[in-house]
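Worksheet: one structure, shown below.
The values are calculated or read from the model by the stated rules, or taken from the named source; none is laboratory data. From a predicted model like this one, the values you see are computed outputs, not experimental measurements. Cβ: placed from backbone, ideal geometry, glycine included. Neighbour counts: every protein chain shown. All accessible areas refer to the heavy atoms of the entire protein, side chains included, with ligands and DNA or RNA removed. Shrake-Rupley method; radii C 1.70, N 1.55, O 1.52, S 1.80 Å.
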Amino acid sequence: MSSKEDKPVEQSQSSWKDFIYNPRNGEFIGRTARSWALILLFYLIFYGFLAGLFSLTMWVMLQTLDDYTPKYRDRISNPGLVIRPKAPEIIFNRSAPSEYKEYTDHLEAFLSKYNSEHQKNNIDCTPGAYFIQDNQPLPKQVCKFERSLLGQCSGITDQTFGYSEGRPCIIVKMNRIIGLKPKPTPFINCTAKKDDKLSVNYFPENATFDSMYFPYYGKLAHDGYVQPLVAVKLLLNSSDFNKKLSVECKIEGSNLLNNDDRDKFLGRVAFQVTVTE
């Protein structure tokens, strides 16, 4: 009885061995050596063709690209605004330097590239006129913007940027967009939201982004380019202390958008300031 019961097991083991390698016809996993060679050759040619087609397609596409200018820029035709120090809510006690040191250190680090030693190789451009360099060699020349133009918010005469007196400075800049030429000259206007009153000083005094800093030609083509800045000094007084003040700054006076409800940073930026005594 046991020998009869063992036969199916032996036959099953034999069939599996024959599937892996059948010595009678020389098949390995159901295929002869010639069959395996042919199918491997087919897949080698097939995937080689796909890889070559992909490489050719990528090469053709790369020939249409410019190393210095993005091919499609229609989705970003208007710049956003950002502030420094980079914080949606600025809270500090004017009598405690440790509380506003983070903000002043951030401003100092940000403005370091606007120091005279970094700007000495840049050129004095003609105010009020676009600095067109379309046919000029690379890299493009850069218009000089020194931090001294920011007056009381430059950090040169007041290293606390007004924070020690409870009148903090906020730096406003536009995002870079290649080829942007705003018409006419844009300027920054900051107001208090809700019914609060707000007095500010702008530096430069006209609060403009001068046309001579446009157009921008891109990171590679315009190496060393520095964006024009507008500093806003919030002239807070004792009645403004110990309460949250909401401020919104917008680009005004040009064809740049500042009222798109789908993008709250398009041409505008909002932040909050709370100064305690």
In terms of Cα to Cα distance under 15 Å, which aspartates and glutamates are near enough to Lys243, apart from those fewer than 8 places away along the same chain? Glu89, Asp195, Asp196, Glu277
Just to confirm the number: angle between the C-alpha axis of helix 2-20 and the first principal axis of the chain, 0 to 90 degrees, nearest 10? 60
Residue-ordered couplings for region 209-221, obtained by feeding phi - 60° into the Karplus form 6.51 cos²θ - 1.76 cosθ + 1.60 and rounding to whole Hz (Gly and Pro as x), are 9, 4, 4, 5, 8, 10, x, 9, 9, x, 4, 6, 6
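Can you say what percent of the DSSP beta bridges in region 84-236, counting only those with both residues inside, are antiparallel? Round to 5. Present the calculation step by step, with values, prior to reporting the outcome.
Details: 10 of 12 bridges.
Taking every DSSP beta bridge with both residues in region 84-236, the antiparallel ones total about 85 percent.
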To the nearest 20 debye, what is the magnitude of the charge dipole of the chain about its Cα centre, counting +1 on the Cβ of each Lys and Arg and -1 on the Cβ of each Asp and Glu? 500
Carbon and sulfur atoms account, in whole percent of the 1.4 Å probe accessible area of region 70-157, for 50
Multiply the residue separation of Ala37 and Lys193 by 0.36 nm, subtract the distance between their alpha-carbon atoms, and state the gained length in nm to one decimal. 48.5 nm
Carbon-plus-sulfur fraction of the accessible area of region 191-252, 1.4 Å probe, in percent? 43
To the nearest 10 degrees, how steep is helix 33-63 against the longest Cα principal axis of the chain, on a 0 to 90 scale? 20
Mean ellipticity per residue at 222 nm, deg cm²/dmol - from DSSP H runs of n ≥ 4 across the chain, formula -39500 (n - 2.57): -8500 deg cm²/dmol
Taking only protein heavy atoms and a 1.4 Å probe, what accessible area per residue, in Å², does the chain have with all protein chains in place? 62
With N residues in the chain, what two-decimal value do you get for its Cα radius of gyration over 2.2 N^0.38 Å? 1.80
Evaluate the distance, in nm, between pseudo-label points positioned 7 Å from the Cα of Trp59 and of Asp223 along their respective Cα→Cβ axes. 2.9
Could you tell me whether region 104-202 comes out rounded, prolate or oblate from its Cα gyration tensor? Rule is a ≥ b ≥ c as square roots of the eigenvalues, rounded for a/c under 1.5, then prolate if a/b exceeds b/c, otherwise oblate. oblate
Relative to the longest principal Cα axis of the chain, at what angle does helix 97-111 sit, 0 to 90 degrees, rounded to 10? 80
If I model a spin label at Lys183 and Ile45 as a point 7 Å from the Cα along the Cα→Cβ vector, what separation in nanometres do I get? 6.1
Among Thr185, Thr160, Thr64, residue whose mean-square fluctuation peaks in a GNM of the chain (springs only between Cα atoms under 10 Å): Thr64
Report, in listed order, any pair from Lys140/Lys181; Lys101/Lys233; Lys219/Lys244; Lys144/Lys264; Lys101/Lys194 with a Cα-Cα distance greater than 27 Å. Lys219/Lys244; Lys144/Lys264; Lys101/Lys194
